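Here's the structure, in structure tokens; my notes come after.
The values are calculated or read from the model by the stated rules, or taken from the named source; none is laboratory data. Since we're looking at a predicted model, the values are computed, not measured. Note that we place each Cβ from the backbone using ideal geometry, even for glycine, and neighbour counts take in every protein chain shown. With ligands, DNA and RNA removed, areas are computed over all heavy atoms of the protein, side chains included. Shrake-Rupley method; radii C 1.70, N 1.55, O 1.52, S 1.80 Å.
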Amino acid sequence: MKEFHSTLSRRDFMKSLGVVGAGLGTISAAAPVFHDLDEVTSSAIGINKNPWWVKERDFKNPTVPIDWSKVTRQMGVFQSLPRPTVADFENAGVVGGTSTDLETPEMALTLYDAMAKEFPGWTPGYAGMGDVRTTSLCNASKFMMFGAWPGNMEMGGKRVNVIGAIMAAGGSATFTPWLGPQLDTTTRPQDFGAPVWQGTPEENLKTCRTAIRFFGGSDVAALELDDDILKFIHSQIGGKEVVVEDVDEAYETATKMVIPRKCKWVLMWSARQSLEGTRRQAGITENFAVWYSYSRFPKVGAQFQEFIRGLGYQALNPGMMGFLANPLAALSGMGEHGRMSSPTITPKYGTTNRAMWALITDLPLLPTPPIDFGAYKFCKTCGICADSCPFGLIQQGDPTWENPASAKSGIQQGTFEGWRTNTADCPHCPTCQGTCPFNSKPDSFIHAVVKGTVANTPLLNSFFTNMEKAMDYGRKDPEEFWNLDNDFTYGIDTSY
């Protein structure tokens, strides 16, 4: 089949639809032109069906500047403040003493006051998370969170300590092991004399996308695991050294976790969480939208490891604390670095992705480059998330190469020109993530126009920030969640 070559630019395409104007002309003039279908399908934009205003950049050149010479592998041990006792919380008048990530009782009292001012009539309830319905949904959403085995639970008419039994048998605290579950029901073709799956790197990435989405994930991306990218895989995970060796099969011992040199690709995948739940978080800790995401997504990862094994390949899981998600997400084109620093801003879903996940594999994958849709530049003039933080922990002002306040968190300084949240003092409150303007639902044409403009010029960024504040697209009253008229599974509208 001959290549279909098209010289139709997006400006001409928009004109053919009868949609013209000075603003759109500016956008479409700056937008890239695809010359043939191969160029479209071989791009990250084609893989993930990103909006037309998302542009690709050169590999290892995301919108956030990086000084590669200063980036070194980290041990994956981050600092946090000493945690007070339950009695300390109770003596300060903090309810639900142990149902919080807070470092200090004073932070809880600050949040009580901030939530009550933002949502008149809000009360902390009996656990600091709001009314009984909200607290119940939060607690139910924590079941097997982070892939952790349950503690004492009802089984067969008895209270059984599941994690205790598994640990006593020599198992681990989670069902997300380095080598994958490797269940007896998951067979490998080579063990039966059959050939392993053979596909082009592009076909393989699309295959991964299909499987990830079936299991419950969203978009995918890939990086070649060279010496630079390896810097973002921690040198230690759970006290074990993470090393690369010339072996055919990955393995794990009491002291190390081994990556075969043939495992040359990092697969990234994103996981959406409920937008409406995220906008309605309130209380002393993150809410059910977060907790249920942390319960679902480790299962997705474990099932995907089994899928890759069934193709005849290896997929290694460094775990949630085994890699630096934000830089890998930015480098692979999942999104852009933004002011909040920890959540990656994505072009379709903003910051309503709980995490970016990484697996290391020997399945050949098409590397995907960084993208630019104007988020990094927009954050320079926005600052809504920083203004909303009750504790002032999100970095204000222009991006910098260092933020001394974040150094005690173990965050490297001088490696990139961006923003670093002081995570050591961060109580994981429910505020900032629901404020990002990029979370806005694309249910009207104006959103596409605004985001298309932001992607190509920063001239109107301040105006759009003020418009976001005036039109109140951000956080919403938690009580509204129970009266929303939607039938979305997991509370996620998958129509976009």
Check your understanding: Taking the stretch 144-197 on its own, how many of its residues are free of Cβ contacts under 8 Å to residues at least 24 places away in the same chain and either surrounded by 12 or more Cβ atoms within 10 Å (Cβ to Cβ) or out of contact with any helix residue (DSSP H, G or I) (no Cβ under 7 Å at 6 or more places or on another chain) (or both)?
Key -> 28
**Study point:** Qualifying residues in the stretch 484-496 (those that are among the polar types (S, T, N, Q) and either in a loop (DSSP other than H, G, I, E, B) or modelled with pLDDT of 90 or more (or both)) - the one farthest from E276 (Cα to Cα)
**Key:** S495
Review point. When you go through P478, P399, P404 one by one, which is the residue that is modelled with pLDDT of 85 or more and open to solvent by 50 Å² or more (accessible area, probe 1.4 Å)?
Key: P404
Review point. Across the stretch 284-325, which residue is modelled with the highest pLDDT among those that are in contact with an Asp or Glu (Cβ under 8 Å, 6 or more places away or on another chain) and hydroxyl-bearing (S, T, Y)?
Key: Y313
Point to revise | Output for the stretch 318-339, where each listed residue is part of a loop (DSSP other than H, G, I, E, B) and out of contact with any Leu (no Cβ under 7 Å at 6 or more places or on another chain) | key: P318, G319, M320, M321, G322, L324, G333, M334, G335, H337, G338, R339
Review point. In the stretch 385-398, is there at least one residue being farther than 29 Å from F119 by Cβ and hydrophobic (A, V, I, L, M, F, W, C)?
Key: no
**Study point:** Restricting the stretch 66-81 to residues that are of a type in the set (G, A, S) and open to solvent by 60 Å² or more (accessible area, probe 1.4 Å), the residue that is modelled with the highest pLDDT
**Key:** S69
Check your understanding: If you check S462, S495, S409, which single one turns out to be hydroxyl-bearing (S, T, Y) and within 30 Å of S69 (Cβ to Cβ)?
Key -> S409
Review point. For residues in the stretch 404-432 being touching a helix residue (DSSP H, G or I) at 6+ places or on another chain (Cβ under 9 Å) and of a type in the set (V, I, T), which is nearest to I384 (Cα to Cα)?
Key: T431
Check your understanding: What number of residues within the stretch 459-475 satisfy the criterion of being surrounded by 14 or more Cβ atoms within 10 Å (Cβ to Cβ) and either of a type in the set (D, E) or part of a loop (DSSP other than H, G, I, E, B) (or both)?
Key -> 5
Check your understanding: Only one of these conditions is not met by V449: (1) open to solvent by less than 80 Å² (accessible area, probe 1.4 Å); (2) at pLDDT below 85; (3) part of a loop (DSSP other than H, G, I, E, B). Which number is it?
Key -> (3)
Study note, to complete from the structure: Selection over the stretch 408-434 where residues are open to solvent by 10 Å² or more (accessible area, probe 1.4 Å), outside any loop (DSSP other than H, G, I, E, B) and within 30 Å of G130 (Cβ to Cβ) yields a count of 2
Review point. Which of the following residues is over 20 Å from T344 (Cα atoms), open to solvent by less than 10 Å² (accessible area, probe 1.4 Å) and in contact (Cβ under 8 Å) with a residue 24 or more places away in the chain: I237, I259, I229, I233?
Key: I259
Review point. Free of Cβ contacts under 8 Å to residues at least 24 places away in the same chain, over 23 Å from P181 (Cα atoms) and open to solvent by 10 Å² or more (accessible area, probe 1.4 Å) - does that describe any residue in the stretch 274-292?
Key: no
Practice item. Name the one entry in T351, T368 that is modelled with pLDDT of 95 or more, buried (at least 24 other Cβ atoms within 10 Å of the Cβ) and either among the β-branched types (V, I, T) or out of contact with any strand residue (DSSP E or B) (no Cβ under 8 Å at 6 or more places or on another chain) (or both). Key: T368
Revision key, fill the gap. Within the stretch 82-134, the residues that are open to solvent by 50 Å² or more (accessible area, probe 1.4 Å) and among the hydroxyl-bearing types (S, T, Y) are T85, T98, T110, T123, Y126
